[in-house]
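The values are calculated or read from the model by the stated rules, or taken from the named source; none is laboratory data. Values in this document were obtained by computation on a predicted structure and should not be read as measured data. Please note: Cβ atoms are built from the backbone with ideal geometry, for glycine as well, and neighbour counts cover all protein chains shown. These area figures cover heavy atoms from the full protein model, side chains too; ligands, DNA and RNA do not enter into them. Shrake-Rupley method; radii C 1.70, N 1.55, O 1.52, S 1.80 Å.
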Amino acid sequence: MKVAITGTPGVGKTTVAREVGALLHLQHIEIAKFAREWGAVIEEEDGTLIVDEDILKERIDAMDDVVIDSHFSEIFNVDYVFVLRCEPKILYERLKERGYSLQKVKENVLAEILDSCLINALQHHPPQRVFEINENPVEEIVSIVKNPSPHKSLLHGSKTAFLTEENLTLVE
Ligand code: ADP
């Protein structure tokens with residue numbers, strides 16, 4: 001089984017993927033780390049990796065029982081995609097603490113407000129395979145993998161509404 005965990009930087013992908021991997025006996029593939037190991041990094045710009053997607057896809061295609069952790073993990077052939085969501089205000093604080101420049105913090109918070117990762121996931125996978133996770137990420141993901149009910153999937157739409165005037169003041 002292959003599971004992708006995606007979301008804006010700072011939403012908690014690595015924290016969650018590590019735990020989900022341990023509970024479901026899936027190897028945790030943190031793409032940023034493996035890309036270096038596999039010689040798939042073309043360039044690094046302001047802490048952002050430019051990668052050769054073909055190399056990464058070829059490697060991932062040859063693997064099984066993995067949980068893929070990346071903000072672009074939707075590009076891979078997987079059974080399920082989980083999009084982690086985070087309140088923009090909380091994300092703002094986390095990214096500032098991480099030492100991101102104000103511009104980079106705002107870019108990422110805006111991406112979260114505009115559902116960018118969710119939209120990308122839906123461009124690559126049918127909605128019944130895409131799940132949006134707002135709370136209790138580890139428990140929710142494990143429960144959905146064990147019992148993948150389409151009722152919880154994006155087939156029934158998104159339950160997140162971060163595009164509010166209050167949230168937009170964060171990125172002004
Ligand atoms: P990502 O992989 O999406 O960039 P991380 O897993 O590195 O995110 O988490 C970013 C920060 O947020 C870390 O400091 C982590 O401890 C914290 N964090 C992650 N998930 C949660 C959560 N559910 N509640 C509180 N803090 C969290």
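What does the C-alpha gyration tensor say about the overall shape of region 15-67? Classify as rounded when a/c is under 1.5, otherwise prolate if a/b is larger than b/c, or oblate. Judged from the Cα gyration tensor, region 15-67 comes out oblate (a/c at least 1.5, b/c at or above a/b).
Each Lys or Arg adds one and each Asp or Glu subtracts one; over the other residues with Cβ under 10 Å from the Cβ of D79, this totals +2. Look at where the Cα atoms of region 35-85 and of region 111-172 average out, and the two centres are 19 Å apart.
In a DSSP loop and with at most 13 other Cβ atoms within 10 Å, the GluC sites (Glu not before Pro) in region 109-157 are E135. In a fully extended conformation the segment linking E58 and Q123 would gain 21.4 nm over its present Cα-Cα distance, using 0.36 nm per residue.
Relative contact order for the chain: what is it in percent, counting Cα pairs under 8 Å that are at least 6 residues apart? Before the final figure, lay out each step's value.
Details: 259 pairs, mean separation 50.6, N = 172.
29 percent.
Dividing the mean sequence gap of close Cα pairs (under 8 Å, 6+ apart) by how many residues region 70-130 holds gives a relative contact order of 52 percent.
Would you work out if region 1-92 is rounded, prolate or oblate? Take a ≥ b ≥ c from the square roots of the eigenvalues of the alpha-carbon gyration tensor; rounded if a/c is under 1.5, else prolate when a/b is larger than b/c, oblate otherwise. Let's see the in-between values first.
Details: a/c = 1.90, a/b = 1.08, b/c = 1.76.
Since a/c reaches 1.5 but b/c is at least a/b, the shape of region 1-92 is classed as oblate.
For the chain, what class follows from the C-alpha gyration tensor (a ≥ b ≥ c being the square roots of its eigenvalues): rounded when a/c is under 1.5, otherwise prolate if a/b is larger than b/c, else oblate? Oblate.
Net charge within 15 Å of L155 by Cβ-Cβ distance, Lys/Arg positive one each and Asp/Glu negative one each, not counting L155 itself? Every neighbour counted, the sum reads +2. Solvent exposure of the chain, expressed per residue, is 53 Å² of accessible area, with all protein chains present and a 1.4 angstrom probe.
By accessible area, using a 1.4 Å probe on protein heavy atoms only, the chain has 48% of its surface on carbon and sulfur. In this structure, the amide hydrogen of V51, modeled 1.01 Å from its nitrogen in the peptide plane, lies closer than 5 angstrom to those of I42, counting only residues at least 5 positions away or on a different chain.
Long hydrophobic helices in the chain, taken as whole DSSP H segments with a C-alpha length of 15 Å or more on their own axis and mean Kyte-Doolittle hydropathy at least 0.0: 13-24, 102-113. When the residues S149, S73 are ordered by accessible surface, computed with a 1.4 Å probe over the protein chains alone, the sequence from largest down reads S149, S73.
Rounded to the nearest 20 debye, what is the charge dipole size of region 1-125 about its Cα centre when +1 sits on each Lys and Arg Cβ and -1 on each Asp and Glu Cβ?
Working: 14 positive and 23 negative charges, 105 e Å.
Dipole size: approximately 500 debye.
Charged neighbours of T169, selected by a Cβ distance under 15 Å, balance to -4 (K, R count +1; D, E count -1). Total lysine pairs in the chain at Cα distances under 17 Å, for residues eight or more apart or on different chains: 9.
Spin-label model, R36/K89: points 7 Å from Cα along the beta carbon direction are separated by 3.6 nm.
In a DSSP loop and with at most 12 other Cβ atoms within 10 Å, there are no GluC sites (Glu not before Pro) in region 1-71. Across region 1-57, Cα pairs under 8 Å and at least six residues apart give a relative contact order of 19 percent.
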